[in-house]
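Here the structure comes first, spelled out in structure tokens, and everything after it is commentary.
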Amino acid sequence: MNMIVSDFQCYQNNVQHHTEEISFQRLIVRRGQNFSIILYFKNRGFMLDMDKIIFITETGPKPDLSMGTRAIFSIAGSNLKSPWIALIKSNGANFLEVSLCAPPMAAIGHYVLKVHIESFQGPVLAYQLGEFILLFNPWCPADEVYLESEPQRQEYVMNDHGFIYQGNKNWIRPCPWNYGQFEENIINICLKLLDKSLNSQVDPAMDCALRGSSVYISRVVSAMINSNDDNGVLNGKWSEGFDDGTSPSEWNGSVAILKKWYATGGQPVKYGQCWVFAAVMCTVMRCLGIPTRVITNFDSGHDTDGNLIIDEYFDNTGRILENKKKDTVWNFHVWNECWMSRKDLPPGYGGWQLLDATPQETSNGVYCCGPASVRAIKEGEVELKYDTAFAFSMVNADCVSWLVYGGKEQKLHRYTNSVGNFISTKSIQSDDRDDITENYKYQEGSPMERERYMKALQKLQPRGYPEHPRASSQPAGPLSTRGGGPLGHNSPTPPQAVSLKLKLTQPAYLGLDINFVLQTFNLAPQFKALKVNLSAQSMLHDGSPLNVFWQDTAFITLMPSEAKTLPCIIPYSQYSEFLSPDKQIRISALGEEKNSSERFLIDKIITLELPSIVINVLGEAIVGQLLTMQVIFQNPLWEEVGDCVLTVEGSGLFKKQYKIIIGILKPQSKASVTIKTVPFKSGQRQIQANLKSDRFKDIKGYRNVNVSPGL
């Protein structure tokens, strides 16, 4: 008996294993689930009582039985003991159909499948049947990434597009994103990313053996998305100037980034910021089979010294100063959650785990963060692995504002609920936004939230961190809340004799003057004379201050219970040259009473709005048939802009990014282009578009398209 050929039944197996979106041409299966192959023989069929068949699977550079990267197993009932399983499904005249199953804890990655066949009194025949890829299996109850809900599996594993939320807590902007985890060659790139990791470079055999752990894989991927320690996927840059690469705000999706990294032999792609890091990590993790979603935290703390407090410094004009501790409050920060059990933690801390690929602080000497149990963050269990204390500070640190004047520092306010607002992610199988703040912390100001905060603080103090002011019996200063937004957010001052408020009088659009008012109200029965210093400066979304470009001083007198409104205008001509790529402006007002040392600070973060791109699909979308779409866009400025480029993409619709050189757009002009493509995948798809110029980088638009199967 000679075996002449094998059939891996890629189509049937891949459909059953939910990998048909990746390929029909190669076998890609999930652990803990059966897949079938057929062996064809010459001369005669397989005889169970005369023939012995042994299967061998191998992965990694040095397959080893003891490490779990090599398995030897036979038909069920044989003397060979292995977690891998083989069962005969059908035994014909010249073929044998066998069902194979990898254990639900097997290492993921590339595998080679071999077979040894020994006939009665005949030689042992050895064959290499071929290669296959093994992935995590959220459909398998025994897999540590098992997710019970099918709608959640469809959203967090199978959906190849979505939204990442940006802006600020009072103006939450959905940014469309093409994850594209099933696009051509992405699976190979994701596995190559694992091979390029520091762990793999040091001990490739052990690295492959550990790839059965979702905790291990998630930490490796978190480190490899950034390039701080290795040749990871993305270079991060938060300062201005992206001429030698791509501005983070220009990206529409992960596919172009991952393919560029792969094509250049693993050279980091320029540039990324938090939402780009998180989006690319989402692509990789979903491709490998780990349920993943992208999370945005508005007013996100970056606590560099681990004392759960963010210090912010201001001068006597209200201008925010560079922080000597490097503590900041990011207007928004984006990370990932991955679903997995946590056998390394006490019971009850599995489920969603925070992972952050943005290189903020090191974890065990490497720039990665997590997985930190979301439940552990909420409960203040900051000692649990990994990086839970840092994650806790991102959503629940305090802020203290300091006035720097005459070489001295004066404490102005302590804000107890300013960090961690409107924590957001895309809804399941919907374009709506879900607010999941309650997953991370109890309601601000509630006894439960206070208790968890104090628990976290007490757990951190034995590590040598300074005692937090809140731990003392006496308050360290007035309590207040704060945040930012183009719809008129203010940092309300605590109860005091005079109330100040900043309010926009109309929406703030890029290219237009900013109109706002300072509202004052005397709550006291005495006359009040105020001096208010007003200023405006550009901000990066990570909280870093840029130059002040506008200042004013107002002297206001108020009779008892009197209110006054001071109108203010910041002309476009005054802010246009100072605007950051994030289009965020901080307006502040620092007030003081005559003959009093008391000062009070309010601020407003404004995110300038841009018009959206409109995409019209002309006709029905059908696989294999030409589809025409019209893309309409506008220059929002009252000045000519140049170097305009329109980028369009969409998984299942375009084989690669579609770039159109527009050139010059006249002031306030509208334009449109017609694009033709041939869809190659059916189902719900999304078109993402971005327009950049020499004056702005991120006019966005999207359109959902339902593609029907072809004939």
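The values are calculated or read from the model by the stated rules, or taken from the named source; none is laboratory data. Given the structure is predicted, the values throughout are model-derived calculations rather than measurements. Don't worry about glycine lacking a Cβ; one is built from the backbone with ideal geometry, like all the others, and counts go over all protein chains shown. For the accessible areas, the whole protein counts, side chains as well, though only heavy atoms, and no ligand, DNA or RNA atoms are used. Shrake-Rupley method; radii C 1.70, N 1.55, O 1.52, S 1.80 Å.
Taking 7 Å steps out from each Cα toward its Cβ at Gln684 and Thr505 produces label points 4.4 nm apart. Loop sites by DSSP among the chymotrypsin sites (Phe, Trp or Tyr not before Pro) of the chain, restricted to those with at most 15 other Cβ atoms within 10 angstrom, leave 121-526 as the longest stretch without any of them. Cross-link reach is defined here as a Cα-Cα straight distance under 15 Å, omitting same-chain residues fewer than 8 places apart; for Lys62 the aspartates and glutamates meeting it are Asp195, Asp203, Asp207.
Solvent exposure of the chain, expressed per residue, is 39 Å² of accessible area, with all protein chains present and a 1.4 angstrom probe. Around the Cα centre of the range 150-455, unit charges on the Cβ atoms of Lys, Arg, Asp and Glu (plus for the first two, minus for the last two) sum to a dipole of about 160 debye.
Spin-label pair Lys455-Asp305: with each label point 7 Å from Cα along the Cα-Cβ axis, the two points sit 2.7 nm from one another.
Summing charges over neighbours of Ile217, with a neighbour being any other residue whose Cβ is under 13 Å away from its Cβ, gives 0 when K and R count +1 and D and E count -1. Here the 3J(HN,Hα) profile of the range 625-639, calculated from phi with Karplus coefficients 6.51, -1.76 and 1.60 at θ = phi - 60°, is 10, 4, 10, 10, 9, 10, 10, 10, 9, 9, 7, x, 8, 8, 8 Hz, Gly and Pro shown as x.
Simple spin-label estimate for Lys114 and Leu80 gives 1.1 nm between the two label positions (7 Å along the Cα-to-Cβ direction from each Cα).
Separation of the range 163-204 and the range 318-375 by C-alpha centroid, Å? Using only Cα atoms to place each centre, the spacing works out to 16 Å. Taking a ≥ b ≥ c as the square roots of the Cα gyration tensor eigenvalues, the chain comes out prolate, since a/c reaches at least 1.5 and a/b is larger than b/c.
A Förster distance of 30 Å, applied to the separation of the beta-carbon atoms of Asp7 and Val614, puts the FRET efficiency at 0.05.
Between Val202 and Ser576, what is 0.36 nm times their sequence separation minus the Cα-Cα distance? Round to one decimal in nm.
Length gained, Val202 through Ser576: 129.7 nm.
Full extension of the chain segment joining Phe24 with Asp244 gains 75.3 nm, where the gain is 0.36 nm per residue of separation less the Cα-Cα distance. For Ser708, the solvent-accessible surface computed with a 1.4 Å probe is close to 30 Å², ligands and nucleic acids excluded. Sparse packing (at most 13 other Cβ atoms within 10 Å of the Cβ) combined with a DSSP loop state is found for the following GluC sites (Glu not before Pro) in the range 63-153: Glu148. For the range 3-135, the relative contact order is 27 percent, taking Cα pairs closer than 8 Å that sit 6 or more residues apart in sequence and dividing their mean separation by the residue count.
The GluC sites (Glu not before Pro) found in the range 566-637 that occupy coil by DSSP, while having at most 16 further C-beta atoms within 10 Å, are Glu598, Glu620. Using the Cβ-Cβ distance between Glu598 and Lys670 with R0 set to 60 Å, the FRET efficiency works out to roughly 0.70.
Across the range 614-707, the relative contact order, built from alpha-carbon pairs under 8 Å that are at least six residues apart, equals 35 percent. The helix-based estimate of mean residue ellipticity at 222 nm for the chain, built from -39,500 (n - 2.57) per DSSP H run of four or more residues and divided by its residue count, is -4000 deg cm²/dmol to the nearest 500. Using Cβ point charges alone (K and R +1, D and E -1), the dipole size of the chain about the Cα centre works out to roughly 360 debye. Considering only His161, Ala554, Ala71, and ranking their Cα positions along the charge dipole of the chain that arises from unit charges at the beta-carbon of Lys, Arg, Asp and Glu, the one farthest toward the positive end is His161. With a threshold of 29 Å on the Cα-Cα distance, the over-threshold entries among Lys501/Lys670; Lys260/Lys692; Lys501/Lys700 are Lys501/Lys670; Lys501/Lys700. Note on the chain: with neighbouring protein chains present and a 1.4 Å probe, carbon and sulfur make up 51 percent of its accessible heavy-atom surface. This model, with +1 at the C-beta of Lys and Arg and -1 at the C-beta of Asp and Glu, gives the range 1-103 a dipole about its Cα centre of some 200 debye.
Can you pull out the trypsin sites (Lys or Arg not before Pro) in the range 21-69 whose DSSP state is coil and whose Cβ has at most 13 other Cβ atoms within 10 Å?
Numbers: sites: Arg26, Arg30, Arg31, Lys42, Arg44, Lys52; in loops: Arg26, Arg31, Arg44.
Passing both the DSSP loop test and the Cβ count: Arg44.
Note on Met448: accessible area approximately 80 square angstrom, rounded to 10, probe 1.4 Å, nucleic acids and ligands left out. Listed by chain and number, the lysines placed with their C-alpha closer than 27 angstrom to that of Lys326 are Lys169, Lys237, Lys270, Lys378, Lys385, Lys408, Lys411, Lys441, Lys455, Lys459, Lys583, Lys604; residues fewer than eight positions away on the same chain are left out.
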